[in-house]
Amino acid sequence: RLAEVTQVRSIDDFLVHNRLTHSLKVAQLARRLAESVRKNQPELATRLGVDPDVAEEAGLAHDMGHPPFGHIAEEELDDLVRKHGVTDGYEGNAQTFCILVSLSVGDTQPTDKAIPFLPGLNLTNATLNAVLKYPWLYPDQPPGLKKWGAYQTEKEAFAWARKDATPTKRSAEAEIMDWADDITYAIHDMIDFHCAGLIPLHLLRPFSLDGQLKPLNAREENTVFDSFLRRRKLKTTEVDDYKAAFRQALNMTNASHPYEGTLEESRDLWAFTSVLIGNYMDAFTLVDPDTTADGRCAEIKELAKKQTTILKELTWRYVILHNDLATIQHGQRKAIQVLFEVFVDAINRERYQLLPKSFAELIKASKDVPPARWAADYISSLTERDLSKLHHRLTSC
């Protein structure tokens, strides 16, 4: 399914990452990071229980909860579910956990002969804990954070996954997975949209003057940081630090003109991404959680955090906030609204013929899951093509 869910947006006549290829790369980096800390920090890695298999599994699983059309669908489903009285709404990370323990069907056998199947993939609690980037239920999230890792419907599975864990603190593998996700998102989306002609790395690349990195095109750089400031509240000194970090990162690219697809350009982009990934991998270290003020078990160098943050901003500035994407997303929201109400009504009326048989079986076997949650679950299980086809069939438009 993730092969047909876009990472940011599709581009005509150009291949960009989708949620599947993104997840494969996150998994690969997560394994490499776990292997690295086991080699370089063996005592602490052993004490924290770092397992490369678990880190890789978390990377593979981390985006399963992304619905078709990505973050705008996540926002829309959250609004719709809450309007139907489900207080913990909809959240992509919580949906991932729900899929792993409640919606997917593996080869596990039920101990109670009265039920014909046992949903879930029978993963270890270490793997489930590693997927929990936000290890709390709604509304128990720490101040200032708007995300959560599991719904109340998966409360028991969440408690089992978090057995013996420090409240609200991620496991070491969850920290590894999250940083691998940041690296992949920051670098590969930037390169995708530079190659597609949307992100002008050739204008943003700095030049050196008297030992200082200066913007090649100050106006273009300012548009990036104007967008950045609108989305984040930063002090002037912080902005200067981000600009310095941004220039230092882009100083490693040889892009001198819009991408044309030559072998030389491909080689240079490959070298650029390889250097960035290597730097960001080296920026991650484990720390003893008993010695840190916030109780975290991982530390990332400040330069690397700033660079990945501002590189991700390039995708926001040039792609996500672009007007043509906004019009597409408006239509996508409308389609989700229509399908959601259709499925809530069908579940309330027990008109299960509008749903796949497997989903109908899950609904009939459940006792306390409200129809709005099931409607969101079903929409989340679709590809973008599936959703568009269903909308056409059910509305004849």
Length gained when the stretch Thr21-Ala165 is fully extended (0.36 nm per residue, less Cα-Cα span)
48.7 nm
Mind checking the angle between helix 302-315 and the chain's longest principal axis? C-alpha axes, 0 to 90 degrees, to the nearest 10.
70
Could you give the distance between the Cα centres of segment 201-225 and segment 149-180, to the whole Å?
41
Lys243, Lys389, Lys39, reordered so the largest accessible area comes first (probe 1.4 Å)
Lys39, Lys389, Lys243
Just check the chain against the gyration tensor rule for me: Cα atoms, a ≥ b ≥ c as the square roots of the eigenvalues, rounded for a/c under 1.5, and otherwise prolate or oblate depending on whether a/b exceeds b/c.
oblate
Per residue solvent-accessible surface (Å²) - the chain, probe of 1.4 Å
50
So, in nm, how far is label Thr236 from label Ser274 when the simple model puts each one 7 Å beyond its Cα toward the Cβ?
4.3
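Rounded to a whole number, what % of the accessible area of the chain do carbon and sulfur atoms account for, probe 1.4 Å?
On the way: 10010 of 19990 Å².
Carbon and sulfur together cover 50 percent of it.
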Relative to the longest principal axis of the C-alpha atoms of the chain, give the angle of the C-alpha long axis of helix 371-380, reported between 0 and 90° and rounded to the nearest 10°.
50
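Once you have the Cα-Cα distance between Val287 and Gln337, take 0.36 nm times their residue separation minus that, and quote the gain in nm to one decimal. Kindly include the intermediate steps, with their values, before the conclusion.
Working: separation 50, 0.36 × 50 = 18.00 nm, distance 4.53 nm.
Length difference between fully extended and current span is 13.5 nm.
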Please calculate the 1.4 Å probe accessible area of Ser36, with all protein chains present, and give it to the nearest 10 Å².
50
With a ≥ b ≥ c the root eigenvalues of the C-alpha gyration tensor of segment 162-259, is it rounded (a/c under 1.5), prolate (a/b larger than b/c) or oblate?
prolate
Which one of Gln307, Ala180, Phe69 is farthest out on the positive end of the charge dipole of the chain, using unit charges on Cβ (Lys, Arg +1; Asp, Glu -1) and the Cα centre as origin?
Phe69
Calculate the spin-label point distance for Ala218 paired with Arg296, positioning each point 7 Å from the Cα along the beta-carbon direction, and give it in nanometres.
3.5
Loop sites in segment 225-324: GluC sites (Glu not before Pro), DSSP, at most 11 other Cβ within 10 Å:
Glu260
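Using only the Cα atoms of segment 301-397, build the gyration tensor, take square roots of its eigenvalues as a ≥ b ≥ c, and label the shape rounded, prolate or oblate: rounded if a/c is under 1.5, else prolate if a/b is larger than b/c, else oblate.
Details: a/c = 3.59, a/b = 1.83, b/c = 1.96.
It comes out oblate by the Cα gyration axes.
Using 0.36 nm times the number of residues separating Leu229 and Asp140, minus their current alpha carbon distance, what extension gain do you get?
Numbers: separation 89, 0.36 × 89 = 32.04 nm, distance 2.90 nm.
Additional length available on full extension: 29.1 nm.
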In segment 245-295, if the dipole is taken from +1 on Lys/Arg beta carbons and -1 on Asp/Glu beta carbons about the Cα centre, which of His257, Phe272, Phe246 is farthest to the positive end?
His257
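The values are calculated or read from the model by the stated rules, or taken from the named source; none is laboratory data. Since this is a predicted model, take the numbers as computed values, not measurements. Cβ atoms come from the backbone with ideal geometry, glycine included; neighbour counts cover every protein chain shown. To get the accessible areas, we keep the full protein, side chains included, count just its heavy atoms, and leave off ligands, DNA and RNA. Shrake-Rupley method; radii C 1.70, N 1.55, O 1.52, S 1.80 Å.
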